[in-house]
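This report concerns only the one structure given below.
The values are calculated or read from the model by the stated rules, or taken from the named source; none is laboratory data. In this text the structure is predicted, and so the values were computed from the model without any measurement. Note that we place each Cβ from the backbone using ideal geometry, even for glycine, and neighbour counts take in every protein chain shown.
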Amino acid sequence: MDFQITEYAIEEAMKLHRNNPAADAHLDLAGEVLLRKQRGEKDIVKNYYLPYFRAGGIRLVVSSVYVETGNLEHGWENALAQIGALQEDVKGLAEVTLIKSRRDLEELLEGDRIGILLYMEGLDCIGEDLEKLTELYNLGVRGASLTWSRPNALGTGCCKALEHRQISGGLSKTGVQAVKKLEQLSMFLDVSHLNDDGFEEVCRIAERSFTATHSGSRQVYDSYRNLTDEQVRALARQGGVMGMNGCKYIAGSQEGNHLEMLCRHIEYEIKLAGNGHVGYGFDLCDSYGRARAALKGEQYTDRDDCLLDHSQVPLVSAALLQRGMAQEEVKEIMGGSFIRYFKDILPGG
């Protein structure tokens with residue numbers, strides 16, 4: 001079981017989260033909004049997320065557009081539906097704004113609104129048509145991973161979190177071109193879910209920094225969804241940031257020691273990459289799972305996430321403080337690293 005966090009550590013963490021912006025670099029928000037809208041629900045972000053974002057001091061959320069395997073036959077239409085559903089859901093929400101540029105992000109941080117940044121978790125839906133990247137950009141999408149944990153026309157994903165096997169295969173010629181196209185469009189590249197061969201090829205061809213929005217350390221927990229020591233160093237050398245995944249099967253906290261394992265990953269990654277290259281990318285999926293089950297008329301009884309919701313994010317910061325990490329380091333991890341990364345990578349205005 002997890003260690004106990006002192007009231008003092010929690011109070012210090014809450015001060016940090018009140019006075020400094022926190023970020024979550026990966027949340028399947030667009031897909032959940034679409035699922036709930038298909039059930040006839042409205043105001044999904046307002047009802048299911050906004051109170052917890054506020055309680056946790058979350059100011060920037062990176063929302064994936066993830067096409068499930070069962071929807072791949074009509075993947076492009078599903079991706080567009082997710083983008084449209086999220087944009088419609090927050091349209092009249094004064095507390096939330098969509099982030100499309102560096103200027104948007106700077107203006108966000110001057111006020112107290114919450115920003116949502118859209119990106120594609122896997123590009124299965126574009127096939128080999130790279131002009132669709134321009135279409136996505138015009139719709140407000142500002143990043144992409146080439147693959148999810150499955151092969152597509154651009155490259156090969158790693159195995160799924162509950163599997164443990166090496167999957168070989170680098171990027172296709174179109175995949176290499178996709179990396180270049182993303183860079184030309186000032187869209188960020190996410191290497192989470194990419195297999196080891198693909199990661200190595202990205203390192204050879206990428207001219208801009210890239211990110212792993214929701215991956216931990218393979219040395220701390222041996223999952224192919226996590227990065228090796230050399231991959232962590234390579235990402236940092238390129239100027240990238242990695243976000244600590246909050247799924248218990250990737251953090252390795254199946255015994256319930258969630259905070260301990262999250263801290264162990266982060267502390268180890270800081271030693272390898274240095275401060276400024278590690279952040280939060282929790283990939284909290286239980287709410288998405290409940291929405292998908294409800295649409296099917298089923299009950300969702302799993303708990304895959306290390307945290308109940310975003311109001312508990314300060315507990316991770318508190319645990320890091322209690323274990324001896326300096327406040328300035330925690331400020332970088334909780335938001336500073338990813339905010340600086342996106343300021344660098346996004347188009348200017």
Candidates ALA85, ALA81, ALA55, ALA23 - the one that is within 21 Å of the chain's Cα centre (by Cα) and under 18 Å from ALA144 (Cβ atoms): ALA81
Residue in region 211-222 that is surrounded by the most Cβ atoms within 10 Å (Cβ to Cβ), counting only those that are β-branched (Val, Ile, Thr) and under 20 Å from GLU121 (Cα atoms): THR211
Failed criterion for HIS214 (all others in (1) within 16 Å of ALA25 (Cα to Cα); (2) in contact with a His (Cβ under 6 Å, 6 or more places away or on another chain); (3) assigned to a helix (DSSP H, G or I) hold): (3)
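One line per residue, one yes/no per condition, for (1) of a type outside the set (S, T, N, Q); (2) without any contact (Cβ under 8 Å) to a residue 40 or more places away in the chain:
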{"residue": "VAL278", "(1), (2)": "yes, no"}
{"residue": "TYR288", "(1), (2)": "yes, no"}
{"residue": "ALA291", "(1), (2)": "yes, no"}
{"residue": "LYS296", "(1), (2)": "yes, yes"}
{"residue": "GLN299", "(1), (2)": "no, yes"}
{"residue": "ASP304", "(1), (2)": "yes, no"}
{"residue": "HIS310", "(1), (2)": "yes, no"}
{"residue": "PHE338", "(1), (2)": "yes, no"}
Criterion: in contact (Cβ under 8 Å) with a residue 12 or more places away in the chain, among the β-branched types (Val, Ile, Thr) and within 26 Å of VAL316 (Cβ to Cβ) - qualifying residue of VAL33, VAL67: VAL33
Subset of region 83-129 [in a strand (DSSP E or B), of a type outside the set (A, V, I, L, M, F, W, C) and buried (at least 21 other Cβ atoms within 10 Å of the Cβ)]: GLY115, TYR119, GLU121
Matching entry among LEU307, LEU320 (being out of contact with any strand residue (DSSP E or B) (no Cβ under 6 Å at 6 or more places or on another chain) and assigned to a helix (DSSP H, G or I)): LEU320
Conditions (1) at pLDDT below 95; (2) crowded, with 24+ Cβ neighbours inside 10 Å; (3) charged (D, E, K, R): number failed by ASP302: (2)
Filtered residues of region 1-30 (kept if hydrophobic (A, V, I, L, M, F, W, C) and in a helix (DSSP H, G or I)): ALA9, ILE10, ALA13, MET14, LEU16, LEU29, ALA30
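Would you call GLY324 within 21 Å of TYR8 (Cα to Cα) and either in contact with a Gly (Cβ under 7 Å, 6 or more places away or on another chain) or not hydroxyl-bearing (Ser, Thr, Tyr) (or both)? Outline the logic, then answer.
Details: within 21 Å of TYR8 (Cα to Cα): yes; either in contact with a Gly (Cβ under 7 Å, 6 or more places away or on another chain) or not hydroxyl-bearing (Ser, Thr, Tyr) (or both): yes.
Yes: the conditions hold for GLY324.
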Tally of residues being surrounded by fewer than 18 Cβ atoms within 10 Å (Cβ to Cβ) and more than 16 Å from HIS310 (Cβ to Cβ) across region 277-288: 0
Residue among ARG208, ARG225 that is assigned to a loop (DSSP other than H, G, I, E, B) and surrounded by fewer than 20 Cβ atoms within 10 Å (Cβ to Cβ): ARG208
Where a residue in region 38-62 is within 28 Å of MET187 (Cα to Cα) and its partner, wherever it lies, is β-branched (Val, Ile, Thr) and surrounded by 15 or more Cβ atoms within 10 Å (Cβ to Cβ), with Cβ under 6 Å and at least six apart: ILE44/VAL33; VAL45/VAL90; PHE53/ILE114; GLY56/VAL313; ARG59/ILE114; VAL61/ILE116
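Considering VAL191, VAL202, VAL220, which residue is closer than 20 Å to HIS277 by Cα and touching a His at 6+ places or on another chain (Cβ under 7 Å)? First the steps, then the outcome.
On the way: VAL191 fails: touching a His at 6+ places or on another chain (Cβ under 7 Å); VAL202 fails: touching a His at 6+ places or on another chain (Cβ under 7 Å).
Going through VAL191, VAL202, VAL220 in turn, just one is closer than 20 Å to HIS277 by Cα and touching a His at 6+ places or on another chain (Cβ under 7 Å): VAL220.
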Pair list, Cβ < 7 Å and 6+ apart or interchain, from region 222-237 residues that are within 14 Å of PHE210 (Cβ to Cβ) to residues that are of a type in the set (Lys, Arg) and not in a helix (DSSP H, G or I): LEU227/ARG218
Subset tally (residues that are under 22 Å from ASP24 (Cα atoms) and assigned to a loop (DSSP other than H, G, I, E, B)) for region 283-301: 3
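Using the structure shown, decide if LEU133 is touching a Lys or Arg at 6+ places or on another chain (Cβ under 6 Å), closer than 30 Å to ARG59 by Cβ and not in a loop (DSSP other than H, G, I, E, B).
Values: touching a Lys or Arg at 6+ places or on another chain (Cβ under 6 Å): yes; closer than 30 Å to ARG59 by Cβ: yes; not in a loop (DSSP other than H, G, I, E, B): yes.
Here the answer is yes, as LEU133 does meet what is asked.
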